[in-house]
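Here, each number is a calculation from the coordinates, and none is a lab measurement. Given the structure is predicted, the values throughout are model-derived calculations rather than measurements. Note that we place each Cβ from the backbone using ideal geometry, even for glycine, and neighbour counts take in every protein chain shown.
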Amino acid sequence: MSAMTETGTITVTARVAFGTKDTLKGFKPLFKTERERAKKLGREPEWSTDGLSGREAAAKRAQWAMFKEHLRETG
């Protein structure tokens with residue numbers, strides 16, 4: 001496992017424009033902040049699916065996905 005690979009991910013190779021790697025490195029702090037925020041918010045009791053039926057849990061996950069998208073759009 002290389003240093004850049006996290007659990008649950010795979011390494012891929014893609015042909016991209018020159019400078020793309022450096023551009024993406026600039027976004028790394030933003031991605032880290034977003035990941036930490038999503039983890040923190042995901043642990044909130046209002047987003048828990050414990051004890052819900054499959055349909056209710058699916059609805060709760062859909063609400064969570066929409067809420068995360070809203071957070072991304074608003075910054």
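Take the conditions exposed (fewer than 10 other Cβ atoms within 10 Å of the Cβ) and in a helix (DSSP H, G or I) and apply them to Lys32. Does it pass? Judged against the criteria, Lys32 is not a match. In the range 46-63, is there at least one residue being of a type in the set (Asp, Glu), part of a helix (DSSP H, G or I), surrounded by 10 or more Cβ atoms within 10 Å (Cβ to Cβ) and more than 15 Å from the chain's Cα centre (by Cα)? Yes, the range 46-63 contains at least one residue that is of a type in the set (Asp, Glu), part of a helix (DSSP H, G or I), surrounded by 10 or more Cβ atoms within 10 Å (Cβ to Cβ) and more than 15 Å from the chain's Cα centre (by Cα).
If you check Gly42 against the conditions, is it of a type outside the set (D, E, K, R) and touching a residue at least 12 places away in the same chain (Cβ under 8 Å)? Spelling it out, Gly42 is indeed of a type outside the set (D, E, K, R) and touching a residue at least 12 places away in the same chain (Cβ under 8 Å).
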